[in-house]
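One structure is given here, and the rest of the page talks about it.
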Amino acid sequence: MFNLHRFFVAPEKIQGQVAIIDKEEARHIQRVLRLKAGDKVILFDGSGYEYQALLLEEGTDGLAAQIIERSNQEQMPVSLCLVQGIAKGDKMDNIIQKASEIGVAEIYPLDSERTVVRLQGDNSVKKLKRWQHIAREACKQCRRNLIPEIKPVVGMEDLLEEIGEAPALLFYEKEENNRLRQVLSNIKAEVLAKGRLFLIIGPEGGFSETEVERVLKQGVKTASLGARILRTETAGLVASAIIMYEYDLAEK
């Protein structure tokens, strides 16, 4: 099974025992891999389900596959929601890719005071589509069946409204007392009870003191990853991996 080629199919394209593969994937299947009717493949729908299927002849609706076996990937007991200050260049692409691979459930691109890249209008829509595609391809490569949702760009006030009373951690380079392991120990019962944890990472310039004060008023806790100041593209991934280890989180 691990030697079979693996492709994404949208959940709405699965009708009973037949799946209709989109044009992009079909082109790769037929023109690049030279697969044909009768070849066995693995399909996944991004919501946790994986399917063994046999390719069929291409019809008017596109390339179809006959489902012969279905399995479900169990979700983690806690959804990690990575709030990432929008980074410059291709850093956001890399963050989205790696966060998808390690098991982050949702990714919120954050427009904060010191964010250099401002995404608005059509540019924001295009970026979101690109990032969702990157997340899908990352899951396809690493055999993860749950594709994280890339949320629309959000400002700090709207983010805090979204967080509400859910547990949340803001990683702050000036935090000297609250080490991550101790903070995780203190909030573990609450996190497991609510099943969700927000991790808030600043952009290249970090968060302003005003932003930190506003976040603390909401009840969000600050945490430190140690003596070193990590780059924005590193901090969220390190924090996510540590939390998954400390809370023994895994998709099965």
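The values are calculated or read from the model by the stated rules, or taken from the named source; none is laboratory data. Note that the structure is a prediction, hence the values are computed from the model and not measured. Neighbour counts are summed over all protein chains in view; Cβ atoms, including those assigned to glycine, are modelled from backbone coordinates with ideal geometry.
Residue check: is residue 157 charged (D, E, K, R) and within 24 Å of residue 128 (Cβ to Cβ)?
Yes: the conditions hold for residue 157.
From 113, 137, 106, 101, which residue is assigned by TED's automatic domain parsing to the domain that holds residue 204 and modelled with pLDDT under 90?
Exactly one residue qualifies, and that residue is 113.
Tally time: how many residues in the range 219-243 are modelled with pLDDT of 90 or more and within 23 Å of residue 113 (Cα to Cα)?
Selection size over the range 219-243: 13.
From 82, 63, 43, which residue is in a strand (DSSP E or B) and in contact with a Pro (Cβ under 9 Å, 6 or more places away or on another chain)? First the steps, then the outcome.
Details: 63 fails: in contact with a Pro (Cβ under 9 Å, 6 or more places away or on another chain); 43 fails: in contact with a Pro (Cβ under 9 Å, 6 or more places away or on another chain).
One residue alone meets the criteria, 82.
Can you work out which of the residues in the range 66-79 that are of a type in the set (A, V, I, L, M) and assigned to a loop (DSSP other than H, G, I, E, B) is surrounded by the fewest Cβ atoms within 10 Å (Cβ to Cβ)?
The qualifying residue surrounded by the fewest Cβ atoms within 10 Å (Cβ to Cβ) is 76.
Could you grab me the full set of residues in the range 34-66 that are on the phi > 0 side of the Ramachandran plot and polar (S, T, N, Q)?
Matches in the range 34-66: none.
For the range 131-139, does any single residue satisfy the condition of being within 19 Å of residue 232 (Cα to Cα), among the aliphatic types (A, V, I, L, M), in contact with a Leu (Cβ under 8 Å, 6 or more places away or on another chain) and part of a helix (DSSP H, G or I)?
no
Can you confirm whether residue 37 is assigned to a strand (DSSP E or B), small (Gly, Ala, Ser) and over 24 Å from the mean Cα position of the chain (by Cα)?
On the way: assigned to a strand (DSSP E or B): no; small (Gly, Ala, Ser): yes; over 24 Å from the mean Cα position of the chain (by Cα): yes.
Answer is no for this residue.
For residue 61, state whether it is among the charged types (D, E, K, R), outside the structural domain of residue 131 (by TED's automatic domain parsing), surrounded by fewer than 17 Cβ atoms within 10 Å (Cβ to Cβ) and touching a residue at least 40 places away in the same chain (Cβ under 8 Å).
On the way: among the charged types (D, E, K, R): yes; outside the structural domain of residue 131 (by TED's automatic domain parsing): yes; surrounded by fewer than 17 Cβ atoms within 10 Å (Cβ to Cβ): yes; touching a residue at least 40 places away in the same chain (Cβ under 8 Å): yes.
Judged against the criteria, residue 61 is a match.
Specify which of the listed residues (32, 41) is in contact (Cβ under 8 Å) with a residue 24 or more places away in the chain and not assigned by TED's automatic domain parsing to the domain that holds residue 154.
41
Within the range 8-26, can one find any residue that is surrounded by fewer than 15 Cβ atoms within 10 Å (Cβ to Cβ), touching a strand residue (DSSP E or B) at 6+ places or on another chain (Cβ under 9 Å), farther than 30 Å from residue 247 by Cα and among the basic types (Lys, Arg)?
yes
Could you check the range 200-252 and list, in sequence order, the residues that are surrounded by 13 or more Cβ atoms within 10 Å (Cβ to Cβ), polar (S, T, N, Q) and touching a residue at least 12 places away in the same chain (Cβ under 8 Å)?
208, 218, 222, 224, 232, 240
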